[in-house]
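No value in this document is a laboratory result; all are computed from the given coordinates. These numbers come from a predicted model, not from an experiment. Here the Cβ is made from the backbone with ideal geometry for all residues, glycine too, and neighbour counts use every protein chain on show.
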Amino acid sequence: MKYLSVEFITPDAFLDISNVLSITSYVVDGEFVILPGHEKFIIELCSGLVKLKIDTGVSIFYVLNPILRVDPYNCKIIANQFINACDVNTVMLKGYKEDIEKILNSISDKMLLKMAERHLTFINKIIN
């Protein structure tokens with residue numbers, strides 16, 4: 001059986017997962033699946049879930065602003081942030097959410113406001 005190797009890459013973290021049977025994520029038009037041997041390409045994914053089917057089950061990750069680079073048997077998911085769903089500290093995330101919400105109305109810079117809103121949306125998808 002053929003497998004994929006998947007790398008999650010962010011500015012401050014790296015994770016390599018081997019023996020992946022498939023990757024499922026989402027694009028603007030809906031669900032998107034990659035299997036071993038897929039043609040090369042690069043695509044922007046929606047922030048949210050990435051599911052990796054491996055021999056032992058399914059691993060779920062939350063990603064923020066991901067780009068997927070596909071080679072026939074290797075994939076890289078380059079993102080601002082990724083979180084392993086098994087390692088989620090909900091209390092910590094709720095604290096971050098509260099901190100962002102406290103300052104949201106005082107942010108005057110449009111780009112910073114958009115970033116804060118995207119982080120809130122991302123956190124809400126994880127904790128809800």
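List of remarks:
- Helix 110-127 vs. the chain, principal-axis angle (Cα, 0 to 90°, nearest 10): 60 degrees
- Residues in segment 73-88 that a label on residue 18 would reach, taking backbone N under 20 Å of a point 7 Å out along Cα→Cβ: 73-77
- The long axis of helix 90-104 is offset from the longest Cα principal axis of the chain by roughly 50 degrees.
- Ordered by the count of other Cβ atoms within 10 Å of each Cβ, fewest first, 86, 46 give 86, 46.
- Cα gyration tensor shape for segment 4-86, rounded if a/c is under 1.5, else prolate or oblate: rounded
- Note on segment 94-127 and segment 11-27: Cα centroid distance 26 Å, given to the nearest whole angstrom.
- Longest exposed-site-free window of the chain, the sites being trypsin sites (Lys or Arg not before Pro) in a DSSP loop that have at most 10 other C-beta atoms within 10 Å: 41-128
- In segment 70-128, the chymotrypsin sites (Phe, Trp or Tyr not before Pro) that fall in loop regions by DSSP, at most 13 other Cβ within 10 Å: 73
- The distance between label points at residue 59 and residue 128 comes to 2.8 nm (points 7 Å beyond Cα on the Cα→Cβ vector).
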